[in-house]
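All remarks here apply to the structure that follows.
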Amino acid sequence: MAVCTVYTTQSLNSTFSSSIKSHLGFHQKNQQLVFLSSNGKKWGSSNKKDGHNTVTNNNSYLITCSAADQQTVVIGLAADSGCGKSTFMRRLTSVFGGAAEPPRGGNPDSNTLISDTTTVICLDDYHSLDRTGRKEKGVTALDPRANDFDLMYEQVKAIKSGVTVDKPIYNHVTGLLDPPELIKPPKILVIEGLHPMYDSRVRDLLDFSIYLDISNEVKFAWKIQRDMAERGHSLESIKASIEARKPDFDAYIDPQKQYADAVIEVLPTKLIPDDNEGKVLRVRLIMKEGVEFFNPVYLFDEGSTISWIPCGRKLTCSYPGIKFSYGPETYYGHEVSVLEMDGQFDRLDELIYVESHLSNLSTKFYGEVTQQMLKHSDFPGSNNGTGFFQTIVGLKIRDLYEQISASRAKAPVEVAKA
Amino acid sequence: MATISGVNLSSPRIMAKAAKTPKVQLLNVGWLRCSWKQSAQLGAIRLRVPPVHAAPDKISDKVEESIKNAEEACAGDPVSGECAAAWDEVEELSAAASHARDRKKESDPLESYCKDNPETEECRTYDN
């Protein structure tokens, strides 16, 4: 697997980077690599035979090809099953540009999603015990004993350093481990699942980490929505499943949130007294301070404590309205900034009005958050803080990726000039 | 499984322990998504693909069965590992069933066409 890096600062939607785009038909030994500049002009080509090759074209751009040159940016997303990881992934990959799809021609039960820039892998693929094994030993999938952290660490480390890996596939339908699939190093690798921040070695590989923290009340409401129509399920079975898994969840999954750079907390609303329907939500975006390449979003004045009700004379909102708050807090001993939204958007002007009052959103144009939200208005949470903050986190990760790429590109260019 | 067989790359790879994995991969359920993709290449006949309900139904059966098993496993000792593992299986299958429903929605050729072309005649919806 050769990875070619062109030392110019590139945006996420750039047209070169052949190694990532050609997920199919990349298996020939000899390949023609054609580099296109942003205006589509061909400016250099080489016929590659091995993993190391340097090409200099007429314009004296330096192109080096080697497995170790491109470093994949690795993002961790932790959450329990049924807490919106898939929706978040769809929003995230959409912000990066291009829809993420399962690998073509592969195992139809593969858990992997691939887009031009991003590969999302599901950490269930690192189960060391299959369904029968867990049943025999009496352990849940939440239990570290059911997972192979050594292999997880080795493979994430390999991908990060530009090496293709043969990753196992855990089949969620059969409960068996299927034969592995090839994962090539993408620009951005997202590892999502129950334990991305559990093992300290894996944690150290993450450039950014997110934890989706769904309160018990909301988790119950969401699972009722998801499962009630399913044959065999009842309120009792849904409740029993949550309760039986809770000790392992509390022991192994929940503690990971202390390591996350961003936490999205989902709680019942405070706008409606004693509401337990779980329809209106209060969502908090907890952003760690001092994380390199990550500047927290703020409302009106960075570092101040703000409470804001956008609805009033200037903006009319539907019941029960929208309430925002922002301010510095401490979270597991870390300094954080917290942005909170209670209520939901029912109209477009509410959404764009709120967006225009937030700063540090890392948007590329005015209204980009609103545009993304509208594009996926059919996704769950598109009218409340879950969708809003997921979109914002997506933009922050895009920005983080671009800053990391720029900082890596700087050094070699300077060397080349000298 | 074209991406796995016959690959000859010169760079090192970290291999998963393939010996442990049972060879049943192609016997898995046929997803609608899969059959739709193959037929989509033929273009003209894509709208005639019959809806394949087999996969989600099969998962639904498994969900139902797993709930029964969990209730039995917990009857004796509700705090045992077996009980937790059995309910965990219910959660896993319920999530898989939900994902299968989402995929089925996405893979409806008319739905995806109409998402991009809502004004066309075949995509119009009428109230009353």
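The values are calculated or read from the model by the stated rules, or taken from the named source; none is laboratory data. Every value quoted in this text rests on a predicted model; they were computed, and no experiment measured them. Because the Cβ atoms are built from the backbone with ideal geometry, glycine has one as well, and the counts that use them run over all protein chains shown. Each accessible area value is taken on the protein alone, full model and side chains, heavy atoms only, with ligands, DNA and RNA left out. Shrake-Rupley method; radii C 1.70, N 1.55, O 1.52, S 1.80 Å.
Restricting the first member to the stretch A:389-402 and to residues that are within 15 Å of residue A:359 (Cβ to Cβ), and the second to residues that are among the hydrophobic types (A, V, I, L, M, F, W, C) and part of a helix (DSSP H, G or I), the beta-carbon pairs closer than 8 Å and six or more apart or on different chains are A:392/A:369; A:395/A:95; A:395/A:369. Does at least one position in the stretch A:160-180 carry a residue that is surrounded by fewer than 24 Cβ atoms within 10 Å (Cβ to Cβ) and in a helix (DSSP H, G or I)? Within the stretch A:160-180, one or more residues are surrounded by fewer than 24 Cβ atoms within 10 Å (Cβ to Cβ) and in a helix (DSSP H, G or I). The residues in the stretch A:287-306 that are closer than 17 Å to residue A:323 by Cα, among the β-branched types (Val, Ile, Thr) and not in a strand (DSSP E or B) can be counted, and the count is 2.
No other residue among A:370, A:363 is without any contact (Cβ under 8 Å) to a residue 24 or more places away in the chain, surrounded by 18 or more Cβ atoms within 10 Å (Cβ to Cβ) and not assigned by TED's automatic domain parsing to the domain that holds residue A:85 apart from A:370. The set of residues in the stretch B:87-128 that are farther than 24 Å from residue A:176 by Cβ, free of Cβ contacts under 8 Å to residues at least 40 places away in the same chain and hydrophobic (A, V, I, L, M, F, W, C) comprises B:114, B:123.
How many of the residues making up the stretch B:76-98 are open to solvent by 60 Å² or more (accessible area, probe 1.4 Å) and at the interface with chain A (Cβ under 7 Å from one of its Cβ atoms)? Steps first, please.
Our first condition is that a residue be open to solvent by 60 Å² or more (accessible area, probe 1.4 Å); within the stretch B:76-98, this holds for B:76-79, B:82.
Add one more test, that the residue is at the interface with chain A (Cβ under 7 Å from one of its Cβ atoms), and what stays is B:82.
Selection size over the stretch B:76-98: 1.
Of the residues making up the stretch A:307-328, those that are in contact with an Asp or Glu (Cβ under 8 Å, 6 or more places away or on another chain) and either part of a loop (DSSP other than H, G, I, E, B) or not aromatic (Phe, Trp, Tyr) (or both) number 9.
Quick check on the stretch A:278-294. Is at least one of its residues modelled with pLDDT of 95 or more and within 14 Å of chain B (Cβ to nearest Cβ)? No - not one qualifying residue is present in the stretch A:278-294.
Checking each residue in the stretch B:58-82 for being over 12 Å from residue A:233 (Cβ atoms) and of a type in the set (Gly, Ala, Ser) picks out B:73, B:75, B:76, B:80, B:81.
Being modelled with pLDDT under 90, within 12 Å of chain A (Cβ to nearest Cβ) and within 22 Å of the chain's Cα centre (by Cα) narrows it down to one residue among B:73, B:55; which is it?
Working: B:73 fails: within 22 Å of the chain's Cα centre (by Cα).
Among B:73, B:55, only B:55 is modelled with pLDDT under 90, within 12 Å of chain A (Cβ to nearest Cβ) and within 22 Å of the chain's Cα centre (by Cα).
Taking first residues from the stretch A:236-248 that are outside the structural domain of residue A:143 (by TED's automatic domain parsing) and partners that are outside any helix (DSSP H, G or I) and of a type in the set (D, E, K, R), the Cβ contacts under 9 Å between residues at least 6 apart in sequence or on separate chains come to A:245/A:80; A:248/A:143.
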